Amino acid sequence: MAYTEEELKKELETKEYEYGFYTDIESDTLPVGLNEDIVVAISKKKDEPSWMTEWRLEAFKVWKKMEEPEWANVTYQKPDFQAISYYSAPNSKPKYNSLDEVDPELLDTFKKLGISLDEQKKLAGVAVDIVMDSVSVATTFKKTLAEKGIIFCSISEAIKEHPELVKKYIGSVVPQKDNFYAALNSAVFSDGSFCYIPKGVRCPMELSTYFRINQAGTGQFERTLVIADKGSYVSYLEGCTAPSRDENQLHAAVVELIALDDAEIKYSTVQNWFPGDKDGKGGVFNFVTKRGICEKNAKISWTQVETGSAVTWKYPSCILKGDNSIGEFYSIAVTNNYQQADTGTKMVHLGKNTRSTIISKGISAGKSQNSYRGLVQVNSRAKNARNFSQCDSLLMGNECGAHTFPYIEAKNKTAQIEHEATTSKIGEDQIFYCNQRGIETEKAIALIVNGFSKEVLNKLPMEFAVEAQKLLEISLEGSVG
Amino acid sequence: MLKINNLHAGIDDNEILNGINLEVNAGEVHAIMGPNGSGKSTLAAVIAGKEEYEITEGSVVLDGEDLEDQAPEERAHKGIFLSFQYPVEIPGVSVTNFIRTAINETRKAKGLEDMPANQMLKLIREKAELLDIDRKFLSRSLNEGFSGGEKKRNEIFQLAMLEPKLAILDETDSGLDIDALRIVANGVNKLKSKDNAVIVITHYQRLLDYIVPDFVHVLHEGKIVKSGDKELAHELEDKGYDWIKNGATV
């Protein structure tokens, strides 16, 4: 493993959020507030066709009538949507062919993130589309992908270059009116990624995107659309970091996955946004709608490692529309200090012989609250649907909470649904046992937590798994006295 | 190597050890016997540095160094190993991964680099063979679903891997059938050398047929009430602990 104990120690010493720096790059920012003019202005800034502008306006109309949901097991100061600036793009508009042309300060930021393009280029097999403050500024490996007919670009670019695909699929899985945040995103989304894998093509590399929120007070509203055509396969990675801020930052992304007949999409996320400081001040609000649809024999697999954000509200879901389709959800959610997470999944079984698996691992420390919320729904014509759910919670200390809210709706008698749940606590005996073998307490906790999370970590692509392990360790710093 | 001087220790103001004196030198095997509640396991825990226990008087000295202010992991780095009576489960962490972490953490404390993977594998293979441990066993989660015998064998496997200066075997024989007992004892015997020492804590003479002690101490009410050679263990077996208890009250 590249990451050494020495490095972890160093990071633990500097108690501040690891990626808490701020890049001073000139930004092109719209005035704060939200109205139709702003929506139109965003669309215009991005040179969008009129159908897209109309689509945004429709969403805005719906959003205005909606109320912020309150059912989640979280409490927070609601954002003032009129105090947010909805668009911010780095000024360095042109795309680069080589690194020399890129703003050195931006490169420096990437280096701090440990994802310098230099490195990335060498890291064979990973193409990176980096979203820096809403606008995609660098795309690599595009050529290799193009040879296979794979489209991997920013959503803005896709709207211009591949309108027929975008028009057909955007909003097809998460409609504009789906929920408050999805509607908001549909109206003001700034950028995001687009991916199309043609029929029968197996994407030869892991596709990855790094998101960052940078400009102070700018909410980031990404929109991601992944379409896997019949019989194709793609593995998509998404990783996030954000600089520390005193005020809360809003993040409301929408991710839509479309897996056509016999296609497979693997979508992995490592989320590490600023969780707020030790007293619960600051931190990112993460209200995300992620959903995929599976046609016949298709498979969608969500894997997520959630360690960041002050408040998380996120339910990557699968609509198992086609017969024999498969949905999977593997999740690790870590909360520490005052973090709150309400996360889980929805598995909607519509087709026959559809199967779903849910493995959720919640780790709570400090004064945090960690909730699993999951829905397994079996439609009346979904014969022989099967689901297996397992929700495990690990508690550290006496002031945190773990909650499980499983919902099961079965309308077909042939359905087989299993739900298992466990709650455990890291025991002093476990720690002492490790100590006695020469393993210090911090390392012992990391070991125990990694063991607890193993089933999910194993689902991540290799380089991501290493990063995720490191994040788990950092996130739980100082949580056992 | 180890010197215990007038050790008084307990938990929550409850004194369990009432003035223990014991000296263990390199190359020696000491057996500590005694009835339930006599303080055997407490003594092991205090030497290993379990935090709940407090030393109220006296000292535990290893190679001239008082251990009182040292964390359990520091003591482990200095060569103290405790084979637990009830080894804990750590789900998802394999036997191999656990021992690898333990070895590398210990090496780090000594300013050494991680052990190269091939060397680690070789060592694991060697020691597994020594203790008749199946390869599959090594990839199982630590102690999860292990039988009593497997747990104890795993403890001795870790002992073999870590090669401590002082090994304390806390009731290693409990829950073992005769075959497992023999394997475990043989393992311990093979690891014995003139440079290390073993403290065997046990209820029964049985284990001492295999791991032959140089000294036997009988613990009663937190004190060593009788010391002798291996014959003492036989005598105890014949006469029972009442013999000691009555003797102590006289």
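No lab work stands behind these numbers, since they all come straight from the coordinates. Predicted model only: the values in this text are computed from it and were never measured. Backbone-built Cβ (ideal geometry, glycine too); neighbour counts: all protein chains shown.
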Check: Under 5 Å between amide H atoms, partner at least 5 residues away or on a different chain: which partners does residue A:371 have, H built in plane at 1.01 Å?
Finding: A:341, A:342, A:343, A:403
Notebook entry, point to check: Given the C-alpha centroids of the range B:192-247 and the range B:35-74, what is the distance between them in whole angstrom?
Noted result: 20
Note to self: I'm checking a number: the convex hull volume of the Cα atoms of the range A:302-445, normalised per residue, in Å³. What is it?
What the structure shows: 105
Check: Say the dipole of chain B comes from +1 at the beta carbon of Lys and Arg and -1 at that of Asp and Glu; which of B:233, B:161, B:48 then lies farthest toward its positive end?
Finding: B:161
Checklist line | Within-10-Å neighbourhood charge of residue B:35 [Cβ basis; K, R +1; D, E -1] | finding: 0
Notebook entry, point to check: DSSP beta bridges in the range B:2-249, what fraction antiparallel, as a percent rounded to 5?
Noted result: 60
Check: Quick one: helix B:230-239 against the long Cα principal axis of chain B, what's the angle to the nearest 10°, folded into 0 to 90?
Finding: 60
Notebook entry, point to check: Per residue Cα convex hull volume for the range B:2-249, in cubic angstrom?
Noted result: 124
Checklist line | Net charge contributed by nearby residues that have their C-beta within less than 15 Å of residue B:136 (K/R +1, D/E -1) | finding: -1
Next item on the list: Taking the Cβ of each residue in A:319, A:38 as the centre, tally the other Cβ atoms inside 10 Å and list the residues starting with the fewest.
Entry: A:38, A:319
Check: Mean separation of Cα pairs under 8 Å and 6+ residues apart, divided by the residue count of the range B:2-249: what relative contact order is that in percent?
Finding: 28
Next item on the list: Could you tell me which of the pairs A:361/A:454; B:110/B:152; A:230/A:296 are separated by over 18 angstrom between their Cα atoms in the structure shown?
Entry: B:110/B:152
Note to self: One quarter of the convex hull surface, Cα atoms only: what value does that give for the range A:361-481 in nm²?
What the structure shows: 8.9
Checklist line | Cα-centred dipole magnitude for the range B:2-249, charges only on beta-carbon of K, R (+1) and D, E (-1), debye, nearest 20 | finding: 980
Notebook entry, point to check: Other chains' Cβ within 10 Å of A:448-459 residues: what's the mean?
Noted result: 3
Check: What is the local net charge at residue A:378, summed over the other residues whose Cβ is closer than 10 Å to its Cβ (Lys, Arg +1; Asp, Glu -1)?
Finding: +4
Notebook entry, point to check: Fewest to most neighbouring Cβ within 10 Å: what's the order for A:355, A:373, A:223?
Noted result: A:355, A:373, A:223
Checklist line | Estimated vicinal HN-Hα couplings, Hz - the range A:359-376 in sequence order (Karplus 6.51, -1.76, 1.60; Gly, Pro = x) | finding: 10, 10, 10, x, 10, 10, 9, x, 10, 7, 10, 10, 10, 9, 10, x, 10, 10
